[in-house]
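A.B. asks: Handing you this structure, nothing more for now.
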Amino acid sequence: MSIIGSLPTCAFVAVRDRETAKAFYGGVLGLTLISEDPYGVVYALAGARLRLTPLHDHQPQQYAVAGWNTADVPAAVRALTAAGIVFERYSFLSQDDLGIWQSGEAQVAWFKDPDGNVLSLASL
């Protein structure tokens, strides 16, 4: 058995503007706020936590830093689009009208938070 494999997980996402990030993750995405301290904001995830860590000079990565699995990617994309989220289009991938890329049974769609962090929805 792994020493850390059975421990609760916390993912970290760097953000530049704490209040804008809180409005997005708590308001638009609807995550439940667990705690807040001078060093970050923590939201509940299914079996895990997401900590937003303010970094004034944060530069977003080109890859997904966090993602959510769902049994119905198209329905989740439609719901987030209705909430104002714009899904990313990548010229090197074949994506459908909703911005969903499919490979076999897997479906993935990407969107960004206000700081440019890439987030994803997937049915892997």
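The values are calculated or read from the model by the stated rules, or taken from the named source; none is laboratory data. This structure is a prediction, so every number in the text was calculated from the model and none was measured. When we count neighbours, we look across all protein chains shown, and the Cβ atoms used for this are built from the backbone with ideal geometry, even at glycine.
A.B. asks: Could you list, ordered by first residue, the pairs with Cβ atoms under 7 Å in which the first is in segment 42-65 and among the aromatic types (Phe, Trp, Tyr) and the second is assigned to a loop (DSSP other than H, G, I, E, B) and crowded, with 16+ Cβ neighbours inside 10 Å, at least 6 apart or interchain?
C.D. replies: From residues that are among the aromatic types (Phe, Trp, Tyr), the pairs are Tyr43/Leu31.
A.B. asks: Within the set of pairs 6+ apart or on separate chains, which have a first residue in segment 28-40 that is over 15 Å from Leu55 (Cα atoms), a second that is part of a strand (DSSP E or B) and among the acidic types (Asp, Glu), and C-beta atoms under 9 Å apart?
C.D. replies: none
A.B. asks: Does Val73 count as closer than 26 Å to Gly99 by Cβ and buried (at least 16 other Cβ atoms within 10 Å of the Cβ)?
C.D. replies: In short, yes.
A.B. asks: Which of the residues that make up segment 83-124 are touching a strand residue (DSSP E or B) at 6+ places or on another chain (Cβ under 8 Å), without any contact (Cβ under 8 Å) to a residue 24 or more places away in the chain and part of a loop (DSSP other than H, G, I, E, B)?
C.D. replies: Hits for segment 83-124 are Arg89, Tyr90, Leu93, Ser94, Asp96, Gly99.
A.B. asks: Can you tell me which residues in segment 23-54 are more than 27 Å from Ser6 (Cβ to Cβ) and either loosely packed, with under 12 Cβ neighbours inside 10 Å or modelled with pLDDT under 95 (or both)?
C.D. replies: Across segment 23-54, the qualifying residues are Gly27, Gly30, Pro38.
A.B. asks: Under the condition of being among the acidic types (Asp, Glu) and at pLDDT 95 or above, which residue from segment 98-124 is farthest from Ala76 (Cα to Cα)?
C.D. replies: Top of the filtered list is Asp115.
A.B. asks: Of the residues that sit in segment 1-14 and are modelled with pLDDT of 95 or more and more than 23 Å from Val77 (Cβ to Cβ), which one is surrounded by the fewest Cβ atoms within 10 Å (Cβ to Cβ)?
C.D. replies: Phe12
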